[in-house]
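Read the structure below first, then the notes.
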Amino acid sequence: MDSIPANRRLWNRISSAYQHEHDPQTGATPRLWGMYSIPDAHLHALGDVTGKRVLELGCGAGQWSRALAAEGATVVRLDLSEAQLAAAARAMGAARYPLVQGAAEQLPFAADSFDLVFCDFGGLSWAPPHLAVPQAARVLSRGGRLVFNVASPWFEACYDEAASRVTTTLQQDYFGLSTIAEGDGATSYQLTYGDWVKVLRGAGLIIDDLIEPRPELGTPNGYNETDPPDWAHRWPAELLWVTHKP
Ligand SMILES: C[S@@+](CC[C@H](N)C(=O)[O-])C[C@H]1O[C@@H](n2cnc3c(N)ncnc32)[C@H](O)[C@@H]1O
């Protein structure tokens, strides 16, 4: 839980610049996954949300939740950062729904509150998964789904800190990936494939799919430089886990 205050400070500080840079991409059309904005219509991760109780874990400005609310889901949006929640409030439009300040590590909801918990580089990238996954499982109802997209271990292991880009050279130890320093004490998290499986199964979840989103050749990465530019067409940059609570 040590990273909660520093991560909150980081996201409060960068929120405005982040939204200025990325909202045109993340909010361009509904249901876009990850750094390459791959439509969910191609990946089939989330399914029909009509009438479902949905929690977005680390919602940012809520581009995803806006889309799901418009489709008829009952959406709750949680984020650690008040600046990000303020951006979400400004972008909410006519349809009002709850914005909750909180941490993925300690969700302020009763058990069995949601049919779907999901995020896209949200709470499961920015909270220790061994704390956040059991919390997500706790608030799901039986049959409810946890679906989330994170950076792949390949992407993190090939990230060259000094050059600020992803390369074809292994830069970090695969088995040393667990925490990633984001500056000023802020931290993001990464697990090996085996540890993701252990954490998800340990929380009582069934793994239904592990989608490896693959951008078409020429699709730009809106967040990170890669060398070569078609890196993510050749190696998996993201892991999109699809799980459910039995
Ligand atoms: C990269 S954004 C993801 C949001 C959105 N999907 C997007 O792409 O803009 C990460 C979000 O996670 C939030 N966050 C960071 N740490 C968190 C935590 N421990 N619990 C919940 N949210 C957290 C940040 O405030 C930020 O809004």
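The values are calculated or read from the model by the stated rules, or taken from the named source; none is laboratory data. Computed from a prediction, not measured in an experiment: that's the story for all the values here. Backbone-built Cβ (ideal geometry, glycine too); neighbour counts: all protein chains shown.
Results for (1) over 18 Å from L107 (Cα atoms); (2) touching a His at 6+ places or on another chain (Cβ under 7 Å); (3) modelled with pLDDT of 95 or more, shown as yes or no for each residue.
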| position | (1), (2), (3) |
| --- | --- |
| S3 | no, no, yes |
| R9 | yes, no, yes |
| S16 | yes, no, yes |
| Q25 | yes, no, no |
| G34 | yes, no, yes |
| I38 | yes, no, yes |
| L46 | yes, no, yes |
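Within segment 53-87, restricting attention to residues that are charged (D, E, K, R) and within 14 Å of the ligand (Cβ to nearest atom), which residue is farthest from P220 (Cα to Cα)?
For segment 53-87, the residue satisfying everything is E82.
Residue by residue through segment 87-134, note down the ones that are closer than 26 Å to G51 by Cβ, crowded, with 16+ Cβ neighbours inside 10 Å and out of contact with any strand residue (DSSP E or B) (no Cβ under 9 Å at 6 or more places or on another chain).
Answer for segment 87-134, where residues must be closer than 26 Å to G51 by Cβ, crowded, with 16+ Cβ neighbours inside 10 Å and out of contact with any strand residue (DSSP E or B) (no Cβ under 9 Å at 6 or more places or on another chain): just A91.
Answer yes or no as to whether V100 is in a strand (DSSP E or B) and over 16 Å from the mean Cα position of the chain (by Cα).
Yes.
Here are V139, V197: which of them is touching an Asp or Glu at 6+ places or on another chain (Cβ under 9 Å) and either at pLDDT 95 or above or over 30 Å from F109 (Cα atoms) (or both)?
Going through V139, V197 in turn, just one is touching an Asp or Glu at 6+ places or on another chain (Cβ under 9 Å) and either at pLDDT 95 or above or over 30 Å from F109 (Cα atoms) (or both): V139.
On the basis of being free of Cβ contacts under 8 Å to residues at least 24 places away in the same chain and farther than 15 Å from I38 by Cβ, does D160 make the cut?
The answer is yes for D160.
Please go through segment 48-67 and pick out each residue that is without any contact (Cβ under 8 Å) to a residue 24 or more places away in the chain and of a type outside the set (S, T, N, Q).
The answer is D48, G51.
Hey, T50 hits all of (1) part of a loop (DSSP other than H, G, I, E, B); (2) within 11 Å of the ligand (Cβ to nearest atom); (3) in contact with a Gly (Cβ under 7 Å, 6 or more places away or on another chain) but one; which does it fall short on?
(2) is the only condition that T50 fails.
D23 passes all but one of (1) near the ligand (Cβ under 10 Å from one of its atoms); (2) closer than 17 Å to P220 by Cα; (3) surrounded by 16 or more Cβ atoms within 10 Å (Cβ to Cβ); (4) not small (G, A, S); which number fails?
(3)
When segment 26-47 is examined, which residues are found to be in a helix (DSSP H, G or I) and either away from the ligand (no atom under 11 Å from the Cβ) or out of contact with any helix residue (DSSP H, G or I) (no Cβ under 9 Å at 6 or more places or on another chain) (or both)?
Hits for segment 26-47 are D40, A41, H42, L43.
Please work out which residue is farthest from L140 (Cα to Cα), limiting yourself to segment 62-91 and to residues that are part of a loop (DSSP other than H, G, I, E, B) and touching a helix residue (DSSP H, G or I) at 6+ places or on another chain (Cβ under 7 Å).
The extreme case among them is S81.
Scan segment 171-197 residue by residue and report those that are surrounded by 14 or more Cβ atoms within 10 Å (Cβ to Cβ) and farther than 20 Å from A237 by Cβ.
Across segment 171-197, the qualifying residues are A186, T187.
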